[in-house]
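The block underneath contains the structure these notes are about, expressed in structure tokens.
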Amino acid sequence: MIITCLDLEGVLVPEIWIAFADTVGIPELRRTTRDEPDYDKLMKYRIGILKEHGLGLKEIQETIKKIDPLPGAKKFLDELRSCCQTIILSDTFSQFAAPLMEKLGQPTIFCNELIVSDSGEITGYKMRCDKSKLTTVKALQSIGFETIASGDSFNDLGMIEASKAGFLFRSTEKIIKEYPQYPAFTEYSELLDAIRKYL
């Protein structure tokens, strides 16, 4: 059996941190895993900026409520789920993902947890496991599944490389140029057709 593993932000929904950065007018928060391969470094940077500006989970969740899936994303996901098992593997956090999953039809998502104080300050985060996307793909393979993977950022490359088939979707020119071995698509119809060839 094949399971397709998809990234969330940039693939199915807009980048949450970019949307929040634009809402609060702090351009430094636009930095994402497309720009910074070291996730721990990126999150410590973000948490520091939030603390500096007195912003917490509540403010980010208010922005997330207004975020809709990317145009065509739900239809694509519905079609994909009708022909194969699909899991969203994301380095986002359960506190961010819940309202977005509702808008996407409640697909299965594996993500991480924020550590939040009683006052709502984000003080840290807890990864589900080390190299969560790659580790999850390898775990699925260890129990008899084959995987197909698609994402847009540096933190997706491990699961893409380890899978039976892997695709970049709406990635950056830098990543596409550095990893020419992975087909790169910009339209959901193209990605769906590419996945179906392996089912």
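Tabulated data
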| read-out | value |
| --- | --- |
| Given LYS51/LYS103; LYS131/LYS174; LYS41/LYS126, the pairs whose alpha carbons are separated by over 19 Å | LYS51/LYS103; LYS131/LYS174 |
| Where VAL137, VAL116 fall by accessible area, highest first, once all protein chains stay in place (1.4 Å) | VAL116, VAL137 |
| The range 90-153 - convex hull of alpha carbons, volume per residue in Å³ | 119 |
| For the range 102-166 versus the range 1-74, the gap between their alpha-carbon centres in whole angstrom | 15 |
| Set of lysines near LYS138 by C-alpha distance (under 19 Å), chain-local residues within fewer than 8 positions excluded | LYS164 |
| Translational diffusion of the chain, µm² s⁻¹ [Kirkwood Rh, Cα pairs; Stokes-Einstein; 25 °C; 0.890 mPa s] | 142 |
| THR4 long-range amide H proximity, modeled H, under 5 Å | GLN85, THR86, ILE87, ILE148 |
| Percent of Cα-Cα distances greater than 22 Å, calculated over the range 19-112 | 36 |
| Compactness of the range 103-199 - radius of gyration and Dmax, Cα, Å | 15.9, 50 |
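The values are calculated or read from the model by the stated rules, or taken from the named source; none is laboratory data. Here the structure is a predicted model, which means the values were calculated and not measured. Keep in mind that these areas ignore ligands, DNA and RNA; they rest on the heavy atoms of the full protein, side chains included. Shrake-Rupley method; radii C 1.70, N 1.55, O 1.52, S 1.80 Å.
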